[in-house]
Amino acid sequence: MKKLFCLFALGSLLAAACNNNNTHSEAGSANTGQQKVDTSLASALTFEEKVHNFGDITEGEKVEYSFKFTNTGNSPVVIEDAISSCGCTVPEWPKSPIKPGESGFMKVIFDSHGKSGYTEKEISIKTNGSQGYILGPKIQCNIVSK
């Protein structure tokens, strides 16, 4: 029992050490030579249009739309990942850093096969400055039968 407790304690200490990534925010941290994470990058992407409504589309139709965005921050932004809540909606994004003031496009492809009625899909985006995913643009449509 004593060995089990010691193993558990050691495992907890190792897990805590592994979760400590030693990053500091720009504000209020001493320069220790470690790389700083600018968490403001998460909100530096400004989309010209947050919602695109395709209107009525026919079941089985594939539609796509490109959302224009601009880096309104002070540092380059890299989109590390973009996902949707289901596989019927696929985002495509630039893989290179977007410099401050530069614009880019996130293309969203929606496949309505097997779907019907009103639907709304939102894209979640992870950037080099975000600790998790942030909400991005969304598409809407009404799927009608053939």
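Observations on the model:
- Placing R0 at 35 angstrom, the Cβ-Cβ distance between N142 and K99 gives a FRET efficiency of 0.35 after rounding to 0.05.
- The shape of the range 81-142 can be summarised by an equivalent ellipsoid whose semi-axes, obtained from the alpha carbon gyration tensor, come to 25, 12, 10 Å from longest to shortest.
- Between T46 and K62, the simple label model (points 7 Å from Cα in the Cβ direction) yields a spacing of 3.4 nm.
- Annotation: the residues T58, T70, sorted from fewest to most other C-beta atoms within 10 Å of their own C-beta, follow the order T58, T70.
- Sorted largest first, the principal axis extents computed over the alpha-carbon atoms of the range 41-144 equal 45, 22, 18 Å.
- The order of D111, D81, going from fewest to most other C-beta atoms within 10 Å of their C-beta, is D81, D111.
- In this simple spin-label approximation, N128 and K107 carry label points 7 Å from Cα along the Cα→Cβ vector, and these lie 2.4 nm apart.
- Exceedance of the 19 Å cut-off in Cα-Cα distance is limited, within the set K115/K146; K50/K121; K50/K95; K95/K121; K99/K121; K50/K146, to K50/K95; K95/K121; K99/K121; K50/K146.
Throughout, read-outs are computed from the coordinates displayed, never taken from laboratory work. Treat the numbers as computed from the prediction; the structure is a model and nothing was measured. FYI the Cβ positions are ideal-geometry reconstructions off the backbone, even for glycines, and counts take in every protein chain you see.
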